[in-house]
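The values are calculated or read from the model by the stated rules, or taken from the named source; none is laboratory data. Nothing here was measured: the structure is a model prediction, and the numbers come from that model. Glycine gets a Cβ as well: all are built from the backbone with ideal geometry, and neighbour counts include every protein chain shown. Accessible surface is based on the protein model in full, side chains and every heavy atom, while ligands, DNA and RNA are left aside. Shrake-Rupley method; radii C 1.70, N 1.55, O 1.52, S 1.80 Å.
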Amino acid sequence: MNSMNSNYSIRDEIRDFWSERAATFDESVGHEIFSEEERKGWQRLIRKHLGDGTGRAALDLACGTAVISHLMNDVGFKVTGLDWSDAMLSQARAKAEKRGTDIRFVSGDAENTMEPKNSYDVITNRHLVWTLVDPPAAFAEWFSVLKPGGKVLILDGNMGKETWVKGLQKFWSRITGKPARSHMSPAMAARHQNIRSRVYFSDAMPAEAVVDLLTKAGFVNIVVDRKLSDIHWAQARKMPFLRGLERMVQERFAICATKPE
């Protein structure tokens, strides 16, 4: 991390943070999929809001190691995965080659994709919106890249909102002197929190705030779906008890919005 360089921005920090996590990203439950039950849950959610792919063009933003890209491919979309971390894209391409899929991968910024206007039927992203420096500009970009009638499916959550489980974890740590178990090292967790403190949704990200920005960008027929318990239960079963309990009580959601015809 080159924080001494005056040209090194929060965007650079975000890119480099996720690049450093690329090699071990798929080891964490909630990133890669570790059960058929979870896979079916994601596919159910995708079909519920986007239907079967039938060869339609999908752009998976901040695709990382291509977990969502592969789910979209599985239900019949022709997928382009975009990420600005070369390390993540390297992992994604290796996974696609191993699985024999024809997913296209490109390097790019989710807030300024450089993809052709009116070119995609759907846009997907997971755990991206909370990292955006300028969500209004990003949503305007996504609106322009979608074809008329196209849809964006956002998979995210109000991660800044502290749950009673997180409070219990902190209380237990104070009593025992032992830090809560985490898939990140203390140094990486500190960097993660530092980044979170400076992005647009630095405090909390309720679904209603995302909906408001999507509406201002021109999207219509916006649906907030909080019925993700099948996915979260499948993930929780693969986690340590308190982390699994935290997953079950977190405010996570899917938001689907449509570009007018």
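Return yes or no: is E162 open to solvent by 10 Å² or more (accessible area, probe 1.4 Å), acidic (D, E) and part of a loop (DSSP other than H, G, I, E, B)?
Working: open to solvent by 10 Å² or more (accessible area, probe 1.4 Å): yes; acidic (D, E): yes; part of a loop (DSSP other than H, G, I, E, B): yes.
Spelling it out, E162 is indeed open to solvent by 10 Å² or more (accessible area, probe 1.4 Å), acidic (D, E) and part of a loop (DSSP other than H, G, I, E, B).
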note = Condition set more than 19 Å from the chain's Cα centre (by Cα) and not in a loop (DSSP other than H, G, I, E, B), scope segment 213-243, selection surrounded by the most Cβ atoms within 10 Å (Cβ to Cβ): answer is L242
Complete set of residues in segment 35-86 that are among the small types (G, A, S) and over 27 Å from M114 (Cβ atoms) = S35, G41, G51
task = Restrict the check to segment 20-40 and report whether at least one residue is of a type in the set (S, T, N, Q), modelled with pLDDT of 95 or more and over 13 Å from Q235 (Cα atoms).
result = no
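Quick grid of which residues meet (1) modelled with pLDDT under 95; (2) open to solvent by 30 Å² or more (accessible area, probe 1.4 Å); (3) assigned to a helix (DSSP H, G or I):
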site	(1), (2), (3)
K48	no, yes, yes
G55	no, yes, no
T65	no, no, no
V79	no, no, no
L89	no, no, yes
message = So the check is Cβ under 7 Å with 6+ separation or different chains; which pairs have a first residue in segment 104-132 that's of a type in the set (F, W, Y) and a second one that's in a strand (DSSP E or B) and open to solvent by 20 Å² or more (accessible area, probe 1.4 Å)?
response = Y120/A57; Y120/K147
Condition met for N73 (open to solvent by 10 Å² or more (accessible area, probe 1.4 Å) and farther than 26 Å from R198 by Cβ) = yes
ask   = Which one of these does L146 not meet: (1) open to solvent by 20 Å² or more (accessible area, probe 1.4 Å); (2) modelled with pLDDT of 95 or more?
value = (1)
request  = Provide a single number: the residues in segment 91-115 that are in contact with a Leu (Cβ under 7 Å, 6 or more places away or on another chain) and open to solvent by 70 Å² or more (accessible area, probe 1.4 Å).
outcome  = 1
note = When every residue in segment 244-253 that is open to solvent by less than 60 Å² (accessible area, probe 1.4 Å) and part of a helix (DSSP H, G or I) is compared, the one farthest from E27 (Cα to Cα) is V249
